[in-house]
1. Residues in the stretch 92-134, backbone N under 15 Å from the label point at residue 156 (7 Å along the Cα-to-beta-carbon vector): list them, ranges by number please.
2. Post the alpha-carbon centroid distance, the stretch 138-191 to the stretch 102-121, in whole angstrom.
3. Taking just the alpha-carbon atoms of the stretch 27-92, what radius of gyration and Dmax come out, in angstrom?
4. Taking the chain as the reference, fit the longest principal axis to its C-alpha atoms, fit the long axis of helix 191-210 to the helix C-alpha atoms, and give the angle between the two in degrees, 0 to 90, nearest 10.
5. How compact and how long is the stretch 62-143, expressed as Rg and Dmax of its alpha-carbon atoms in Å?
6. Keeping every protein chain present and rolling a 1.4 Å probe, give me the accessible area per residue for the chain in Å².
Amino acid sequence: RGDPPRGVVPDGFVAFSGEAGGTSFACGFLMELEDGQRIGVSTAHASRPMLPDETAQFFSPDGALAAQLNGQIERGSTFRQDHFTMDYALWSVAGGVPEERFLQPDSRGAGQPGERIVVYGRFTGPQGGSRRWPGVVMRVDAEATYIQLDEVVMPYGFSGCPVVSQYTGRVIGMAVAGWKRAPTRMGVHPIGSLVEKARAAARETARETAR
């Protein structure tokens, strides 16, 4: 299939804090699929179940509204052991959100062992935009990608944050779990699985609308 196209790592705000009904949840990001579908993404274990017509919001580190989320279109459940693909929550996104806040999924469906990545957090970086932590992909399985960061950090509050390839500039997955010991390692929900779930949710929504 050849090498994927080289891209640019985003430098704006792309990792957000979430809030629904006055209750905050750890982290989330916005993603645009190839067909133009726009979704908000986070983990199931860091966000509560919501009714289809219940709205939520993503906020930038300065507290500004980054995106209005419409109903939750699909939700998994808290991960068990290394089954990270079961842990996700997806929302539809209201209009009027600037294009630069949306990340694009990596067409490979996951990162590759040895590939350099960055994890975005819900804080402002020294040069502005979302703070990022560089690292490397250690291992890739069907239900999990494992990454290791270059520096030791406590992995609190990263659940739902995007993990981006330094080569393609696209999302290879979503942080789900972290180990509280050095070196800092995280388990990631591979992006191919998230894209599949978003497409399935869109098909189900279309069927419900057509009834």
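The values are calculated or read from the model by the stated rules, or taken from the named source; none is laboratory data. Values in this document were obtained by computation on a predicted structure and should not be read as measured data. Every residue, glycine among them, receives a Cβ derived from its backbone with ideal geometry; neighbour counts consider all protein chains shown. Ligands, DNA and RNA are stripped out before the accessible areas are found, and what is left, the full protein with its side chains, is counted by its heavy atoms. Shrake-Rupley method; radii C 1.70, N 1.55, O 1.52, S 1.80 Å.
1. 122-123
2. Using only Cα atoms to place each centre, the spacing works out to 9 Å.
3. 12.3, 36
4. So the helix axis and the longest Cα principal axis differ by about 0 degrees.
5. 15.5, 39
6. Counting only protein heavy atoms, the per-residue value for the chain is 47 Å².
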